[in-house]
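The values are calculated or read from the model by the stated rules, or taken from the named source; none is laboratory data. Because the structure is predicted, anything quoted here is derived from the model rather than measured. FYI the Cβ positions are ideal-geometry reconstructions off the backbone, even for glycines, and counts take in every protein chain you see. All accessible areas refer to the heavy atoms of the entire protein, side chains included, with ligands and DNA or RNA removed. Shrake-Rupley method; radii C 1.70, N 1.55, O 1.52, S 1.80 Å.
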Amino acid sequence: TGYVTLDQGFVNTASCASAITYIDGDAGILRYRGFPIEQLAGKASFLEVSYLLIHDKLPTPAELAEFGDKIRVHTLLQEEMRAFFSGFPRDAHPMAVLSSAVTALSTFYQDALDPADPEQVEISGIRLMAKLPTIAAYAYKKSIGHPLPYPDNSLDYVENFLRMTFGLPTVNYEVDPTLAKVLDMLFVLHADHEQNCSTSTVRLVGSAQANLFASVSSGINALSGPLHGGANSAVLEMLEGIRADGGDVDAFVRRVKAKEKGVKLMGFGHRVYKNYDPRAAIVKKAVQDVISTMDRPDPLLEIALKLEEIALADDYFVSRKLYPNVDFYTGLIYKAMGFPTKMFTVLFALGRLPGWIAQWGEMMADPTTKIGRPRQLYTGEAERQFVPITER
Ligand code: CMC
């Protein structure tokens, strides 16, 4: 006691012990519960990976079916909750709608919020997994003034989300199975990433014994920041900006290197990875596959590929070990799928949800958990004498 060390941004300080996700940032390794991301992406479904993260085992077919069924019966929102969406302005940011709606969800389940009761924790996690895609689709529908659809539980998790997002009561909408598969894979890539900003937020809020909805809602707000999940939208805005300026990639890189205020190579760099982000390698392959199926290839892909090529050969980026992160190429896929830029970070949140649930659950189940309460180095005035306002 009395001895405090400063670690700005927690660069060297572990906030917890965790058995969920392993990252070796120098080697570019990411494993969920011991399984390399390359073995899971494209092979295990998002629900399978969610089960793995939450329950620490690969599900059997029967366990996966049961998990899926449990989620399926909770996809509806209460009608009062649906009315909630009409109160937002049409141009509301969908991340703000998402976090508000998740907080609001807790008001419907007040008798099942006890963080110390494993059954209540389980049903809260199921409810969140089931309802977040519905909320996300409604946030989008609201933004374009369309009616809010009901979930179709004959569809699988991602297909249901895509139909709620893009379907219309007046048009027979068929989910493209290739796109559904790619989105499912992207969710897998985002499913957990140990103690990142939003997950640390979820844990910190939960460490005060706040319920799972309150904790996850706080995580969504942390994720919305452009240095975290918001980077996927920021990348697309950056690529569009470069295109609007005539597509001069070299000129843009010069501005980044000159550290012009507010100009960063978005989608590059990572606190932990000092090597190619293994998720970015998988996304890069997927973006080329998706865009090659399109009639007119996206000119932004060309700009992104050129940016990467220049950056990987430039001493500024090489010496700082700045490589593409997961967000560098995801936006191009989301755009190809028809999502507006504002929705990109919502998609990140849908993917990250099982990680938040697993990390929160791990913390709650650990009897040694204490409330998170960082210390500080005080840099203010020493003791001063108060002067009454009449004498100032
Ligand atoms: N463009 C240009 N320079 C950069 C970038 C970048 N994207 N990232 C880091 N740098 C420079 C930074 O200016 C600093 O230079 P110097 O040593 O001369 O002061 C050096 O590299 C170290 O950077 P840092 O800001 O101290 O590193 P950090 O670990 O605090 O930040 C980061 C990590 C991800 C916030 C940062 O790299 C960044 O802002 N990247 C762009 C935003 C982004 O893509 N975020 C998504 C991260 S992955 C998904 C997620 O977590 O949600």
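What whole-number distance in Å separates the alpha-carbon centres of the stretch 307-328 and the stretch 55-72? Using only Cα atoms, the two centres lie 40 Å from each other.
In the elastic network of the chain, a GNM with C-alpha springs shorter than 10 Å, the most mobile of 279, 163, 296 is 296. Considering helices alone, the calculated mean residue ellipticity of the chain at 222 nm is -16500 deg cm²/dmol, with DSSP H runs of length four and up weighted by -39500 (n - 2.57) and normalised per residue. Springs between Cα atoms under 10 Å define the GNM used for the chain, and in it the highest mean-square fluctuation of 271, 352, 82 occurs at 271.
Which shape class, rounded, prolate or oblate, goes with the stretch 155-295 when its Cα gyration tensor gives a ≥ b ≥ c as root eigenvalues, a/c under 1.5 marks rounded, and past that a/b bigger than b/c marks prolate?
On the way: a/c = 1.88, a/b = 1.07, b/c = 1.76.
In terms of gyration-tensor shape, oblate.
Taking the average, over residues, of other Cβ atoms within 10 Å as the packing measure, peptides 91-98, 321-328 rank 321-328, 91-98 from highest down.
If you take the Cα centroid of the stretch 332-392 and the Cα centroid of the stretch 175-206, the two points sit 17 Å apart. In the context of the full set of protein chains, the chain has a per residue accessible area of 50 Å² (1.4 Å probe).
Contact order normalised by length for the chain, with contacts defined as Cα pairs under 8 Å and 6 or more residues apart; what percent is it? Don't jump to the answer; show the numbers that get you there.
On the way: 504 pairs, mean separation 92.8, N = 392.
Value for the chain: 24 percent.
Pull out a ≥ b ≥ c, the square roots of the eigenvalues of the alpha-carbon gyration tensor of the chain, then state rounded if a/c is under 1.5, prolate if not and a/b is larger than b/c, and oblate in the remaining case. Intermediate results must be reported in sequence, preceding the final value.
On the way: a/c = 1.38, a/b = 1.04, b/c = 1.33.
The shape class here is rounded.
Here the contact order of the stretch 231-337, divided by its residue count and restricted to Cα pairs under 8 Å and six or more residues apart, works out to 45 percent. The stretch 8-53 and the stretch 216-295 have Cα centres separated by 21 Å. Rounded if a/c is under 1.5, else prolate if a/b beats b/c, else oblate: with a ≥ b ≥ c from the C-alpha gyration tensor eigenvalues square-rooted, which is the stretch 231-337? Oblate is the answer for the stretch 231-337, as a/c is 1.5 or above yet b/c matches or exceeds a/b.
GNM remark for the chain: springs join alpha carbons under 10 Å apart, and the peak mean-square fluctuation among 137, 281, 214 falls on 281. Pairs exceeding 22 Å between alpha-carbon atoms, taken from 264/342; 181/335; 43/284; 257/285: 257/285.
Here the stretch 231-337 exposes an accessible surface that is 49 percent carbon and sulfur, computed with a 1.4 Å probe and the other protein chains kept in place.
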